[in-house]
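Heads up, the thing below is written out as structure tokens.
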Amino acid sequence: MTAHRPAPLSRRRALLAGLMLPPSLAGCGGPAIAQRGGAAALPDFADLAERVLPAVVNISVASETQSAIPPEFRGTPLERYFRGRRERTMGAGSGFIIDPGGYIVTNNHVVGNASRVTVSIHGGQELQARVVGSDELMDLALLRVEPRTPLVAVPWGSSGALRVGQWVLAAGNPFGLGGSVTSGIVSARGRDIGAGPFDDFIQTDAAINPGNSGGPLFNVAGEVVGINTAIYSPSGANAGIGFATPSDLARPVIEGLRRDGRVERGWLGVQVQDLVAEDPRAGRRAVLIAGVERNGPAARAGLRSGDVVLSINGQPAETSRMLVRSIAAVAPGQTVRLTVLRDGRTQDLSVQVGRRPGGTG
């Protein structure tokens with residue numbers, strides 16, 4: 001599978017930009033169902049779009065990078081000229097307001113290492129934004145602007161309540177055209193597209209194109225249930241397969257960025273792989289410890305390569321992804337109880353979770 005993150009706009013690439021949503025969509029009902037001859041037809045999203053768009057924003061970024069020295073000029077008097085030059089690039093993406101005071105959610109890949117971030121809110125007003133914090137692993141970033149008056153914001157919804165086949169609405173700035181909405185359904189849940197250890201994407205057929213990155217995916221109640229992040233497309237444009245980070249995963253990360261400016265995740269210091277139910281080492285779905293990092297939290301607790309983890313604090317550990325996410329959700333310094341199978345016998349090990357440095361376990 002080739003997954004593309006709707007990358008920020010640049011001179012050479014189409015971008016992902018956004019609009020804005022209203023201060024509160026708590027009272028926003030679902031789309032009206034047009035009736036024709038007594039039978040339900042396709043839903044009408046007009047009221048929903050009108051309510052949410054004021055909280056969707058367009059994000060423009062400017063970055064400066066050191067110019068590369070052309071190979072033909074290296075070692076010549078002209079090398080000095082190129083060494084001092086800096087290139088300025090422009091990009092764009094989408095975002096949405098979660099607090100009337102000016103907090104805005106977007107993708108980390110939209111803002112990247114931008115030296116200047118400008119947010120355009122509904123109605124055309126432009127505000128300079130600062131990056132409160134970002135999380136590369138979940139590809140999320142939190143921005144802050146200083147509005148003169150309260151902004152329209154949208155509430156979080158529960159992505160866990162989504163069902164395959166339910167209607168959703170995506171909002172953003174495809175190809176820099178300005179605020180746009182597209183509708184579709186939830187095509188699948190729990191997609192792993194190889195973007196990182198926390199992949200758990202919502203798949204939707206709502207059109208998502210370059211410029212939509214960081215924009216919201218709404219349920220019919222006007223709640224944000226996902227952040228549009230990536231697309232599958234041989235051409236780079238919409239092919240009916242888009243991916244959104246679920247709100248249930250994004251919300252605690254954003255709250256951590258707002259509170260501390262960073263996200264700290266738990267870490268064991270192990271390499272893991274799945275065991276299928278037919279594997280005689282466990283006779284059930286479990287997680288094999290394939291490697292243990294020397295002097296890491298797991299090693300200090302006595303965990304060994306070859307151990308099979310059956311549960312974490314009494315909850316079944318059926319997949320390596322589940323294990324990694326469960327440990328990542330534990331604050332560094334806290335202790336977890338792992339039930340492991342070793343040499344045909346089960347035993348409990350208490351492990352003091354460390355601070356994740358960027359590894360996989």
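The values are calculated or read from the model by the stated rules, or taken from the named source; none is laboratory data. Please read all numbers here as calculations on a predicted model, not as lab measurements. Using ideal geometry, Cβ is built from the backbone for each residue, glycine included, and neighbour counts are taken over all protein chains shown. Areas reflect the complete protein model, heavy atoms only, side chains present, ligands, DNA and RNA absent. Shrake-Rupley method; radii C 1.70, N 1.55, O 1.52, S 1.80 Å.
General observations
- Residue within the range 303-325 that is more than 21 Å from G194 (Cα to Cα) and in contact (Cβ under 8 Å) with a residue 40 or more places away in the chain present: yes
- When residues in the range 254-270 are screened for being buried (at least 17 other Cβ atoms within 10 Å of the Cβ), at pLDDT below 95 and out of contact with any helix residue (DSSP H, G or I) (no Cβ under 6 Å at 6 or more places or on another chain), 2 of them pass.
For every residue, the table says whether it meets (1) at pLDDT 95 or above; (2) touching an Asp or Glu at 6+ places or on another chain (Cβ under 9 Å).
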| residue | (1), (2) |
| --- | --- |
| G37 | no, no |
| E50 | yes, no |
| V57 | yes, no |
| P77 | no, no |
| N107 | yes, yes |
| S115 | no, yes |
| H122 | no, no |
| Q125 | no, no |
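- Screening P150, P174 for residues that are within 22 Å of T118 (Cβ to Cβ), modelled with pLDDT under 95 and of a type outside the set (K, R) leaves exactly one candidate, P174.
- One residue stands out among those in the range 153-199 that are open to solvent by 40 Å² or more (accessible area, probe 1.4 Å) and of a type in the set (D, E, K, R): the one that is farthest from M322 (Cα to Cα), which is R163.
- Residue list for the range 244-253, restricted to those being surrounded by fewer than 19 Cβ atoms within 10 Å (Cβ to Cβ) and touching a helix residue (DSSP H, G or I) at 6+ places or on another chain (Cβ under 6 Å): D248
- Of all residues in the range 305-318, those being surrounded by 15 or more Cβ atoms within 10 Å (Cβ to Cβ) and touching a Lys or Arg at 6+ places or on another chain (Cβ under 7 Å) number 3.
- Residues located in the range 250-289, provided they are in a strand (DSSP E or B) and either under 17 Å from V351 (Cβ atoms) or in contact with a Cys (Cβ under 8 Å, 6 or more places away or on another chain) (or both): G266, W267, V270, Q271, V272, A286, V287, L288, I289
- Residue, least open to solvent (accessible area, probe 1.4 Å), within the range 327-359, restricted to residues that are closer than 22 Å to G283 by Cα and polar (S, T, N, Q): T339
- The set of residues in the range 208-243 that are open to solvent by 10 Å² or more (accessible area, probe 1.4 Å), touching a Leu at 6+ places or on another chain (Cβ under 9 Å) and β-branched (V, I, T) contains only V220.
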